[in-house]
Amino acid sequence: MVDLRERVEEDRGLLKRIQLHIPGFAGYRRKEDLRTADNLLRIQIANKLKDFRGQLEAARGTLTSNYQLKAMEPLGAVILKTQGLEGQVRQLPGVGILFARKRRFHECRCAYFLLTRGQER
């Protein structure tokens, strides 16, 4: 997985690179880049959760067609929690929360890795 912070830094235009050399504005520019990377990461994680929820709903459909009704209730609870988590990730309050600290960034990368099961697309 490409480090999103590096990708945002590579995508800087000339104006943004100039802003990095202006005293007082450089910190603002870096924080804006972190916010952009944070947003990209949250979108990726939320999309993976949405894909996972789709797989769970397909499994629920299979259970329904096989008349395994006892297993549907716990699966429904998992689907509901997954949907709630997806919404929370998409709508996290504050900006730059995931990149606030380097340790936090690595925790999110680990969560993303677990969601993708190490498969790159």
Problem set entry | Simple label model, 7 Å out from Cα along Cβ direction - residue 77 to residue 63, nm | 1.1
For this session: Rank-order 64-73, 35-44 by packing density, defined as the average count of other C-beta atoms within 10 Å over each peptide's residues, highest first.
Result: 35-44, 64-73
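Each reported figure results from applying straightforward, stated rules to the coordinates on display, with no laboratory input. Just so it is clear, the model here is predicted, and its values are computed rather than measured. Neighbour counts run over all protein chains shown; Cβ positions are idealised from the backbone, glycine included.
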